[in-house]
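Note sheet for the following structure.
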Amino acid sequence: MSQPLVGIIMGSTSDWDTMARAAEMLDTLAVPHETRVVSAHRTPDRLVSYAREAEGRGIRVIVAGAGGAAHLPGMVAAMTHLPVLGVPVRSKSLSGLDSLLSIVQMPAGVPVGTLAIGEAGAANAALMAASILALTDEALRDRLVAWRQAQTDKVPDSPQ
């Protein structure tokens, strides 16, 4: 695979079940990406390095998944001007509502594009990342348009 354009990061290996959907969608659209575990709470130095070095390594969009307190997307967004798309990972205690509220309630000036809780959010974050990249990549734009048309074509005209 060529130079990664999207960084998929997550706070824990247990988040992979959700964040794998982002990787699968990017694979479908042939968007080069990387995956890393970058915990805001347990590996703060890794988080700082990742956020500060991502652009220099060619990353153009970051998809950050986190559960519970879910500080990862906001902390990364505070350290880079790259677009950061937050995916709330479903938690055991509050089914991901805690994650959603933690990610979506960023203060003015530190934006995080926040998607739905769980696997749908991860898939949509990948589609959003592809849409951002497609603004300057006509071949990717064509793949994205074709993928969306295929989704439309799957919807039957009648329930019978």
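The values are calculated or read from the model by the stated rules, or taken from the named source; none is laboratory data. All of these numbers come straight from a predicted model, not from anything done at the bench. Quick reminder, even Gly has a Cβ in these numbers, built from the backbone with ideal geometry, and neighbours come from all protein chains shown. Accessible surface areas use protein heavy atoms only, side chains included; no ligands, DNA or RNA. Shrake-Rupley method; radii C 1.70, N 1.55, O 1.52, S 1.80 Å.
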Residue-span extension gain [ARG148 to ALA30] - 0.36 nm each, minus C-alpha spacing: 41.0 nm
Cα long-axis angle, helix 119-134 against the chain (0 to 90 degrees, to the nearest 10): 80 degrees
Per residue, how large is the accessible surface of the chain? Use a 1.4 angstrom probe and give square angstrom. 53 Å²
Charge dipole magnitude, Cβ of K and R +1, D and E -1 - the chain, Cα centre, debye nearest 20: 300 debye
Could you compute the net charge surrounding ARG90? Neighbours are other residues with a C-beta less than 13 Å from the C-beta of ARG90; K and R count +1, D and E count -1. -2
What do you reckon, how do HIS33, HIS81, HIS71 stack up by accessible area (1.4 Å probe), largest on top? HIS81, HIS71, HIS33
Using r as the Cβ-Cβ distance of GLN3 and VAL48, and R0 as 25 Å, what FRET efficiency do you calculate, to the nearest 0.05? 0.65
Taking Cα atoms, the helix 16-28 axis meets the longest principal axis of the chain at an angle in degrees (rounded to 10) of 40 degrees
Tell me, what is the Rg over Rh of region 69-119, with Rh the Kirkwood radius over Cα pairs? 0.97
Hull shadow area, averaged, region 1-51 [alpha-carbon convex hull, nm²]: 3.6 nm²
With an 8 Å Cα cut-off and a minimum separation of 6 or more residues, compute the relative contact order for region 1-61 in percent. 47 percent
For region 73-160: rounded, prolate or oblate by the Cα gyration tensor [a/c cutoff 1.5]: oblate
So for region 22-69, taking the charge dipole from beta-carbon charges (+1 Lys/Arg, -1 Asp/Glu), which of ALA30, ALA51, VAL63 sits furthest toward the positive end? ALA51
Treat each spin label as a single point 7 Å out from the Cα along the C-beta direction, and report the GLU55 to SER93 distance in nm. 3.5 nm
Leaving out ligands, DNA and RNA, what percent of the accessible area of region 1-130 is carbon and sulfur, probe 1.4 Å? 55 percent
Where a ≥ b ≥ c are root eigenvalues of the Cα gyration tensor, a/c under 1.5 meaning rounded, otherwise prolate if a/b exceeds b/c and oblate otherwise, region 15-108 counts as oblate
Pop the C-beta distance of VAL155 and TRP16 into the FRET formula with R0 = 35 Å and round what comes out to the nearest 0.05. 0.70
